[in-house]
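A short write-up of the structure that comes next.
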Amino acid sequence: MSPEIKGQTNGAGASGTQEVRLTVSSSPHVRCNESISKIMWSVVAALVPAAAFGVYYFGMNALINIIVSIVSAVVFEYLWEKLLHKKITIKDGSAVITGLLLAMCVSPLLPWWMCIVGSFLAIVVCKQSMGGLGYNLFNPAHVGRAGLMVSWPVAMTTWTQVNGTVVDGVAGATPLNVLKHGGHDALLQLFGGDPATMYQSLFFGFRNGSMGETSTVLLVLGGLFLIYKGYVKWQAPVVMIATVGIMMWIFGGVTLGTGLFSGDPLFHMMAGGLIIGAFFMSTDMVTAPITLKGQIIFALGAGLITVLIRLLGGYPEGVCYSILLMNAVTPLIDRLVKPRIFGSVKAKGAN
């Protein structure tokens, strides 16, 4: 509100009245140069190097899936907002991020029309039906991926070699799939029997999987860029990655018959979609908790669920479902760690 305050002012030998406008508004009173659009396009820029490597490694079909996913996501958002006479927000970059993340979380060999279905699930079913940006409870890209996974599991788990030919069996599987179904020896055979070659391939990205599973170094660099810009707090991705590494070191060897404290933490931290999930999904400003304490709880829970699925579940990977499950309890986490208002006193008997 803006009430007018009138007071007497005395000039040099004269007196008069002067209107003073006092503008009162609620907190916060913080000004910055950031905007939703700037943040969203910065996240897109952080993902570009890893996406470009995926196109280089997997070939033209990966590029087609990226283009189709992004374009269809933007079109679905535009059509929804146009039909419902809402403000058109396709320039803010949020739909572009959803399409790009979706393409990076599916098989590079996925038929292009399935990418359109995934974008529809992500944008229309998950995001816009809940009210649009800022109101969706679940991460849209992961909802799209989960929908595709339960609908076309074979297409979602068909991978390619660097020469662009589909290979059945162990040679065409992801490292996590080989470890789960073939054991550690089969995993080493996938990389010529040399552990150093395995770690090098995981680090630089020369292995099967989605584009979000391949180049660990480029995904980490993108995540560090977001931390540098202040869009992501480092604690959340570090906690999620460290939780998976430590728990798989403790329990990862049990399923292989080698006992406790014999798992390979380095492999599990670089394998699968853990890096892209930790830096780009668990830190989503809309679907993650607001406070730092809440984000750490979220990351810890996502890491533990990922470990449970990898060890006991039917899927070799669990990052997607772990983040979606933690999205569901984000409101509860926010409520539990809600900071107390400065100067307030907790009432007796209050929870």
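Here residue 37 fulfils each of the conditions (1) within 24 Å of residue 217 (Cα to Cα); (2) loosely packed, with under 15 Cβ neighbours inside 10 Å; (3) within 19 Å of the chain's Cα centre (by Cα) apart from (1).
Going by the conditions given, is residue 323 modelled with pLDDT of 90 or more, open to solvent by less than 70 Å² (accessible area, probe 1.4 Å), assigned to a helix (DSSP H, G or I) and under 15 Å from residue 289 (Cβ atoms)? Talk me through it step by step, then tell me what you get.
Details: modelled with pLDDT of 90 or more: yes; open to solvent by less than 70 Å² (accessible area, probe 1.4 Å): yes; assigned to a helix (DSSP H, G or I): yes; under 15 Å from residue 289 (Cβ atoms): yes.
Spelling it out, residue 323 is indeed modelled with pLDDT of 90 or more, open to solvent by less than 70 Å² (accessible area, probe 1.4 Å), assigned to a helix (DSSP H, G or I) and under 15 Å from residue 289 (Cβ atoms).
On the given criteria, is residue 192 surrounded by 15 or more Cβ atoms within 10 Å (Cβ to Cβ) and either part of a helix (DSSP H, G or I) or at pLDDT below 90 (or both)? Talk me through it step by step, then tell me what you get.
On the way: surrounded by 15 or more Cβ atoms within 10 Å (Cβ to Cβ): no; either part of a helix (DSSP H, G or I) or at pLDDT below 90 (or both): yes.
Answer is no for this residue.
Restricted to the stretch 264-296, and to residues that are in contact with a Pro (Cβ under 7 Å, 6 or more places away or on another chain) and outside any loop (DSSP other than H, G, I, E, B), which residue is farthest from residue 326 (Cα to Cα)? Ranking the qualifying residues of the stretch 264-296, first place goes to 279.
For the stretch 47-160, list the helices (runs of 4 or more DSSP H) that sit wholly inside it and hold at least 3 residues that are open to solvent by less than 20 Å² (accessible area, probe 1.4 Å) and within 16 Å of residue 281 (Cα to Cα); which are they?
On the way: elements: 60-83, 94-104, 112-120, 140-151, 153-156.
Qualifying helices (runs of 4 or more DSSP H): 94-104, 140-151.
Answer with yes or no whether residue 242 is in the same structural domain as residue 297 (by the TED database), modelled with pLDDT of 95 or more and buried (at least 16 other Cβ atoms within 10 Å of the Cβ).
Working: in the same structural domain as residue 297 (by the TED database): yes; modelled with pLDDT of 95 or more: yes; buried (at least 16 other Cβ atoms within 10 Å of the Cβ): yes.
Against the criterion (in the same structural domain as residue 297 (by the TED database), modelled with pLDDT of 95 or more and buried (at least 16 other Cβ atoms within 10 Å of the Cβ)), residue 242 qualifies.
Filtering the stretch 246-263 to residues that are buried (at least 22 other Cβ atoms within 10 Å of the Cβ) and not in a loop (DSSP other than H, G, I, E, B) leaves only 248.
Among the residues of the stretch 278-308, those that are open to solvent by less than 30 Å² (accessible area, probe 1.4 Å) and either touching a Ser or Thr at 6+ places or on another chain (Cβ under 8 Å) or of a type in the set (Val, Ile, Thr) (or both) comprise 283, 287, 288, 289, 294, 298, 299, 301, 302, 303, 306, 307.
The values are calculated or read from the model by the stated rules, or taken from the named source; none is laboratory data. What you see is a predicted model, and the numbers here were worked out from it, not measured in a lab. Note: ideal-geometry Cβ built from the backbone for every residue, glycine included; neighbour counts use all protein chains shown. For accessibility, only protein heavy atoms count, side chains too; no ligands or nucleic acids. Shrake-Rupley method; radii C 1.70, N 1.55, O 1.52, S 1.80 Å.
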